[in-house]
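Peer 1: Following this message is one structure expressed as structure tokens.
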Amino acid sequence: MTRARRVRGGGPIFAGVVAVALTLPGCSGGTSDGPSSDPSPTASARPAISAASAPTPSPAPSGFLPVDSLGASEIPWDEVGPGWFLVEWVEHDAVGRDYAMFSAGAASESLLSPSGQWYAARSLQGTGAEMAAIWLGEDLAVFRMTQGNQDDYAYPNGETSLVSLRDGAMRQVNAGGALPFLDGVAADGSLLGVVHEYEGDGAEVVRFGDGLEPNTLCQDNSATGGHGLLSLAPDGVRVVCLAWTRAGGDGPQTAVMLARVGEVLDAERVDAFGADPPDYRLMGWISQDTFLLARRDVDVAGWHETYFSYDVATRQIADFTLPFAASGVVYFDWATKTYSDRQWNPDYVPGGWEFYGADGALVASVPCSGRSDYDSPTYSGSRALIWCRTAAASKGESDVTLTLVDLATGTTTVVASVHEGSGQRANRVFGYPTNL
């Protein structure tokens, strides 16, 4: 079975190494009990060794994230892996949210190393109707809208291609019109995506990849719009889907579907809750078999969340108590074993982030006085990347700060401060996939 990516690294890139043989005074290559008292008068001075100067970052070319960057030729592809990030920057006539398709313009991708070094990796000028979908190391899955109303940002259909970030080679993937949206891949290298019927009366979670026919894993045939949520388990094999359902004429319910990657329509309904899926969200996996759910409840005092754990092995759901006092929207990252808490002030305006270990100990804080497009950070290796968007003086413009968090040490570093003008936007952020 062909994997949905190329072998990472291609050929390794080696920096030149100069070996210098030094002959110490009084030594002829054998052993010596001590320094010679009669050094040779013809011995030459020890040669000076100077390391080659490292390339100097410069302002990124036009069309890229406007930060000092190194060029694509400087990317150390043999080092790119966990801890690296990819950021998409777009310059279009009309910029919407994540799934907005654009009629014309330019998009580019920049790589960020764990040390905070930027690289201007790839740029597409004037292709239009394209968005980055999944980062696959040396490859990037991109989505192009091919049908449907381009103003309908929620459920676009189109085609997916894999583009090489090294040489620009592109090949189309048979995704069955799926819009891939997981920032990762399954354990077998296949991709996951969602197909929405354009009339809005159903949705399917599909598995696809280079050389693979799309397989439907989870199906939502409700007449309420086909809203679904999904999460890939740490093993890269099991998938949990949340979907709308109606049972026996009752009101809408949230069905919990468990599927396995690689099997067609293998989804098993393991439970159902008496509320719509928008009231529930997946918070992440806390063990190989257990994921967390949050339910948003609204009362006269505002909204708050109640937490549950669900064991897919025993089919048991239980109340769950966080090991810290949450004040906002909480997620858990399996790879780093940390919680993120998106802060909200009393007026329900989102603020900064706090990170906690599995034991509830505070790891790091990232202030943010404005809004963000994401309630959850983007993770890669032991690092997280946070962006904070604040409104600028001019309507339709904003200032964006990207902060790199080292969750092993708690160190935070602002790696970019950029201004988004008309039609300019830091559109999507990706971490390095865990299953590559």
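Peer 1: Give me a count of the residues in the range 298-328 that are within 29 Å of Ala259 (Cβ to Cβ), exposed (fewer than 11 other Cβ atoms within 10 Å of the Cβ) and of a type in the set (D, E, K, R).
Peer 2: Residues meeting the conditions: 1.
Peer 1: Next question, about the same structure. Which of (1) at pLDDT 80 or above; (2) assigned to a strand (DSSP E or B) does Met145 not meet, given it meets every other one?
Peer 2: Failing condition for Met145: (1).
Peer 1: Residue pairs, Cβ under 8 Å, 6 or more apart or interchain, first in the range 160-186 and more than 18 Å from Trp77 (Cβ to Cβ), second modelled with pLDDT of 65 or more and basic (Lys, Arg). List them.
Peer 2: Thr160/Arg144; Ser161/Arg144; Ser161/Arg171; Ala186/Arg207
Peer 1: Sticking with this one: Restricting to the range 53-88, name every residue that is surrounded by fewer than 19 Cβ atoms within 10 Å (Cβ to Cβ), of a type in the set (Asp, Glu) and modelled with pLDDT under 90.
Peer 2: None; the set is empty.
Peer 1: Please note which strands (runs of 3 or more DSSP E) are completely contained in the range 232-301 and include at least 1 residues that are at pLDDT below 70 and not aliphatic (A, V, I, L, M).
Peer 2: Qualifying strands (runs of 3 or more DSSP E): 238-246, 252-260, 268-273.
Peer 1: Any idea which of (1) at pLDDT below 80; (2) in a strand (DSSP E or B); (3) crowded, with 19+ Cβ neighbours inside 10 Å; (4) not hydroxyl-bearing (Ser, Thr, Tyr) is the one Asp183 doesn't satisfy?
Peer 2: (2)
Peer 1: Taking Tyr198, is it at pLDDT below 65, farther than 30 Å from Gly71 by Cα and under 21 Å from the mean Cα position of the chain (by Cα)?
Peer 2: no
Peer 1: Which of the residues belonging to the range 52-85 are aliphatic (A, V, I, L, M) and over 23 Å from Pro377 (Cα atoms)?
Peer 2: Ala52, Ala54, Ala60, Leu70, Ala72, Ile75
The values are calculated or read from the model by the stated rules, or taken from the named source; none is laboratory data. Source: prediction; values computed, not measured. Reconstructed Cβ throughout: ideal geometry from the backbone, glycine too, with neighbour counts over all protein chains shown.
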